[in-house]
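Participant: Let me begin by handing over the structure; questions about it come next.
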Amino acid sequence: MVTADIRPGTDDDKEAVRTLRRLLHDATASFDVNPVSDFVAERAGEVVGWIQVTVHEELDEIGEQGAWIQSLAVLPHLRGQGIGGKLVERAQAQAIQAGDRVIACQPLDQDSAAFFRGQGFADNTMQEHEPFWSKRMT
Ligand SMILES: CC(C)(COP(=O)(O)OP(=O)(O)OC[C@H]1O[C@@H](n2cnc3c(N)ncnc32)[C@H](O)[C@@H]1OP(=O)(O)O)[C@@H](O)C(=O)NCCC(=O)NCCS
């Protein structure tokens, strides 16, 4: 099991986050790394994972406000060792602290759906809508 520390992201993490964004096929040129919404996983001084979560989103699918996992990525050679799970835990802690009771996400593919299922999320996609998975935290 690889150990990684999770900490708030800052603009100093931009280049590492750019690399992780590319893994999600996101080539956005200009973006901020904000300590309120972005957390990074750091291992031996290297940023190896990143999550972006926004709180108080209108989650129309369940008619409630909650937290929304915008992005999540771990460097490919370090996957399957608990880093993604730690990032989701931190995002949940942030959301609970902000007063949200539900956290939701949009899995990219079957692998990430398997990951989110393992984290306790369930598929609540409504017919003919974008994928919508959520978890009640409290
Ligand atoms: C999804 C992702 C963030 C998970 O990160 P991770 O560090 O591999 O996750 P963890 O090690 O905490 O969890 C592993 C679990 O996820 C699942 N999993 C998904 N992809 C996996 C992979 N490539 N290797 C191993 N396990 C994988 C397994 O079911 C595993 O379950 P287990 O713990 O019961 O064995 C990572 O695979 C990734 O960056 N994927 C590409 C981007 C993506 O799909 N992002 C999510 C949607 S925005």
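None of the figures in this text is laboratory data; all of them are computed from the coordinates on show. Keep in mind it's a predicted model, so treat the numbers as computed, not measured. Counting neighbours? That spans all protein chains shown, and the Cβs are built from the backbone with ideal geometry, glycine included.
Participant: Look through the range 97-111, keep the residues that are in contact with a helix residue (DSSP H, G or I) (Cβ under 7 Å, 6 or more places away or on another chain) and over 24 Å from T19 (Cα atoms), and return whichever of them is farthest from the ligand (Cβ to nearest atom).
Facilitator: Within the range 97-111, the match that is farthest from the ligand (Cβ to nearest atom) is V102.
Participant: Go through the residues of the range 113-136 one by one and say whether even a single one is more than 8 Å from the ligand (Cβ to nearest atom), surrounded by 16 or more Cβ atoms within 10 Å (Cβ to Cβ) and closer than 25 Å to D32 by Cβ.
Facilitator: Scanning the range 113-136 turns up no residue that is more than 8 Å from the ligand (Cβ to nearest atom), surrounded by 16 or more Cβ atoms within 10 Å (Cβ to Cβ) and closer than 25 Å to D32 by Cβ.
Participant: Right, next: Here are some conditions: (1) of a type outside the set (D, E); (2) in contact with an Asp or Glu (Cβ under 9 Å, 6 or more places away or on another chain); (3) free of Cβ contacts under 8 Å to residues at least 40 places away in the same chain. A122 meets all but one. Which one does it not meet?
Facilitator: (2)
Matching residues to (1) buried (at least 21 other Cβ atoms within 10 Å of the Cβ); (2) within 8 Å of the ligand (Cβ to nearest atom); (3) among the acidic types (D, E):
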| residue | (1), (2), (3) |
| --- | --- |
| Q65 | no, no, no |
| H77 | no, no, no |
| G85 | no, yes, no |
| E89 | no, no, yes |
| A95 | yes, no, no |
